[in-house]
1. Please tell me if A:ILE297 is assigned to a strand (DSSP E or B), within 12 Å of another protein chain (Cβ to nearest Cβ) and either more than 20 Å from the chain's Cα centre (by Cα) or surrounded by fewer than 20 Cβ atoms within 10 Å (Cβ to Cβ) (or both).
2. Need a quick list: strands (runs of 3 or more DSSP E) entirely within the stretch A:321-383 having at least 1 residues that are facing another protein chain (nearest Cβ under 8 Å) and either in contact with a Pro (Cβ under 8 Å, 6 or more places away or on another chain) or β-branched (Val, Ile, Thr) (or both).
3. Give the stretch B:16-35 a look and list any residue that's loosely packed, with under 12 Cβ neighbours inside 10 Å and either at pLDDT 60 or above or under 38 Å from the mean Cα position of the chain (by Cα) (or both), or say none.
4. Return the only residue of B:ALA202, B:ALA161, B:ALA173 being over 22 Å from the mean Cα position of the chain (by Cα), buried (at least 19 other Cβ atoms within 10 Å of the Cβ) and assigned to a helix (DSSP H, G or I).
5. Within the stretch A:264-294, restricting attention to residues that are surrounded by 21 or more Cβ atoms within 10 Å (Cβ to Cβ) and outside any strand (DSSP E or B), which residue is nearest to the other protein chains (Cβ to nearest Cβ)?
6. For the stretch A:310-327, indicate whether the set of residues that are surrounded by 19 or more Cβ atoms within 10 Å (Cβ to Cβ) and of a type in the set (Asp, Glu) is non-empty.
Amino acid sequence: MSRTDTSLVKTARKNPIESATLALALALPIFSNLVATTVSARDLSPIYEETFDIAAGGASLTRASRYGAALANPALLPFSGSFHRWLGSEFSLHINTESVSYAKSMLPGASSGGASSDSGFVDHVFESPFLAGTQTSFAYLNSYGGIGFFSKFEVDLEAQEYGPTGMPTIILKGKSYTGATVSAAGRIPFMPLSLGVTGKYLNMSEPSIEVDLADPAAISQYSDPSALSALVNPSTGTGFDLGALVFIQGPNLDWRWALKIDDVGGTSFSGGDAVDDFKQVVSTGASVTFHTGKDAIHIAVDQRDVQKAYDTPAFKSTRAGVKVLLRGYVGIAAGYYDGYPSYGAELDLIFLKLGLASYRREQSNSPGLSSRNVYIMNLATGF
Amino acid sequence: MNLRYIKISTSFLCVWIAASSCGTSNLGDCPASNALVKCSELSADDQIRKALNDQDLTAAQVLLEAAITEEPDNYERYPLLAAVYAGLAGFDLLAIASSTSSGGGSSIMAAMDAFLPTPAGLTRAEYSAKIDLMGQAIATIQALPAEYRATSDTDKYAASAVQQLGIFQAAQATMYMKMFTFNFDTGLPDATQLSNMSDADAAAILAILTSAAAGGGVFGETAAATLASISAGGGSVRDNLANFLSS
């Protein structure tokens with residue numbers, strides 16, 4: 001939830017951590033282990049995205065939460081209402097809907113005894129894909145810029161009875177991103193316009209494995225831990241994003257137009273296992289915000305990849321959503337992400353922010369071909 | 001703007017969230033359901049993949065046959081079509097995957113039994129049609145150029161094609177043999193049905209087994225062991241096979 005426009009009164013409120021949060025947090029080491037040994041080809045989703053922004057359909061060019069602003073559009077930084085914008089850390093856990101019950105069964109003390117066999121996991125993957133991941137960040141941002149560090153791990157397992165070669169296949173894709181950013185922004189050359197830049201250092205690996213289960217040679221190849229660890233040899237690269245924002249503010253109505261250029265001139269990677277270079281992507285966004293001093297409704301539409309650098313289909317390049325911010329400590333959002341409905345909520349308890357979101361991500365460039373229902377739980381500490 | 005607008009908007013948002021959480025339709029689905037987002041037509045390969053993921057093998061067969069006719073040089077589709085034929089024949093691909101590590105039994109009948117359709121409940125003609133479908137699976141793989149079904153090739157499709165060929169040959173031989181040890185009228189195993197097996201049938205079965213053994217792969221050794229057992233009879237091909245099947 002963004003606090004960029006209004007100085008909202010924040011009220012402390014004690015809130016116990018839900019048992020489901022704890023349960024999934026306990027499952028994290030299991031997912032981390034999976035990521036360490038297997039990990040996927042990069043899709044078009046951003047390298048870092050805030051939970052509340054995802055809930056609002058990912059339309060974040062004209063309004064983004066906390067550290068997400070530095071990567072969504074650095075030109076957002078000057079419009080924070082005060083010099084200080086964000087200092088803190090965040091952790092979010094992603095898991096697809098179908099795997100929640102399976103993840104719980106893997107926990108110590110669960111009815112299955114806390115130990116799940118490999119065959120049980122394979123059976124689960126053949127029934128429904130498995131996606132899990134984490135995202136963390138630590139950042140300091142003010143209205144002139146800031147620095148930040150982030151990491152993102154995600155593993156996606158899909159089993160196809162009729163795989164790419166015709167035989168049953170397990171397809172394993174992963175993302176392992178870590179990076180640091182330095183941002184600068186200002187209201188130049190005139191007030192309604194702001195410009196921003198974010199420099200990025202990225203350390204990435206995106207292995208992708210397809211194991212034909214009818215081929216003993218393929219199975220034995222990936223039974224060797226060294227063969228798996230070789231797949232996560234990271235590549236490094238540096239690049240930068242440019243953003244511009246026109247912000248027309250009224251007493252109850254604001255208008256915003258954004259232009260964002262990701263990876264200006266392209267971002268090249270070296271070393272490791274040949275991560276594809278990032279192409280330059282141009283995106284635009286527009287939004288309208290109805291607000292009082294304490295509440296706001298933000299309606300936004302983004303058009304990503306307008307020059308079709310990745311030949312992004314319309315249902316993925318069009319992002320739209322609504323954020324409703326109430327009294328400074330509650331936010332709810334809904335939108336369309338990858339063409340599917342998304343929604344979520346966030347609670348702001350001054351130094352602690354709790355967020356939940358649900359969305360459906362399309363892994364392919366064709367609607368309905370390989371989608372994942374994803375739950376996200378987010379915990380941010382900072383102010 | 002007063003609080004009333006916020007309440008109305010929040011209520012609207014909650015209704016949207018509740019309504020949108022149902023269903024799996026996408027804004028990009030065709031035909032287009034809205035004027036704002038252009039629909040994304042599925043390519044031929046995407047349609048094939050969707051049919052396969054949905055286990056709609058009949059649709060997948062139609063799509064693959066059309067795609068191969070249109071682009072006969074796109075060899076990545078051949079193993080898919082072969083697998084679809086095998087699936088339509090009742091061959092359990094998933095079961096075969098979970099048992100590849102234990103494929104080396106002494107008898108091809110015992111090794112393959114768990115993955116093949118049971119003749120029970122079928123007429124002879126229906127079971128024969130399934131054998132023909134398995135034959136189509138084999139023929140589809142054999143239609144690939146030699147370099148696309150070679151284990152020495154690093155191409156994953158080529159390696160998989162060899163595996164598939166061996167598996168489907170072993171499966172067809174087993175189904176063929178089972179047809180002569182099953183009474184389709186009573187729906188029970190019946191060795192007396194071996195009297196219906198002709199010399200040509202026996203020769204065809206042996207030829208398929210020989211190919212399966214020569215191809216190696218998961219069931220190559222088992223096929224070879226079965227051939228050796230059959231040949232140990234010392235009689236004619238038909239008699240040796242009949243003795244093997246009745247034992």
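The values are calculated or read from the model by the stated rules, or taken from the named source; none is laboratory data. Everything quoted here is computed from the prediction, not taken from an experiment. Counting neighbours? That spans all protein chains shown, and the Cβs are built from the backbone with ideal geometry, glycine included.
1. Values: assigned to a strand (DSSP E or B): yes; within 12 Å of another protein chain (Cβ to nearest Cβ): yes; either more than 20 Å from the chain's Cα centre (by Cα) or surrounded by fewer than 20 Cβ atoms within 10 Å (Cβ to Cβ) (or both): yes.
Yes: the conditions hold for A:ILE297.
2. By residue number, A:330-337, A:352-362.
3. Kept after step one, since they are loosely packed, with under 12 Cβ neighbours inside 10 Å, are these residues of the stretch B:16-35: B:18-19, B:22-23, B:31, B:34-35.
Correct list: B:CYS22, B:GLY23, B:PRO31, B:ASN34, B:ALA35.
4. Working: B:ALA161 fails: over 22 Å from the mean Cα position of the chain (by Cα); B:ALA173 fails: over 22 Å from the mean Cα position of the chain (by Cα).
After applying the criteria, what remains is B:ALA202.
5. A:VAL275
6. no
Residue by residue, here is whether (1) within 14 Å of chain B (Cβ to nearest Cβ); (2) in a loop (DSSP other than H, G, I, E, B) holds:
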| site | (1), (2) |
| --- | --- |
| A:LEU141 | no, no |
| A:PRO164 | yes, yes |
| A:SER176 | no, no |
| A:ALA185 | no, no |
| A:PRO189 | no, yes |
| A:LEU202 | no, no |
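For every residue, the table says whether it meets (1) in contact with a Lys or Arg (Cβ under 9 Å, 6 or more places away or on another chain); (2) hydrophobic (A, V, I, L, M, F, W, C).
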| site | (1), (2) |
| --- | --- |
| A:THR236 | no, no |
| A:LEU253 | no, yes |
| A:ASP276 | yes, no |
| A:VAL282 | yes, yes |
| A:ASP295 | yes, no |
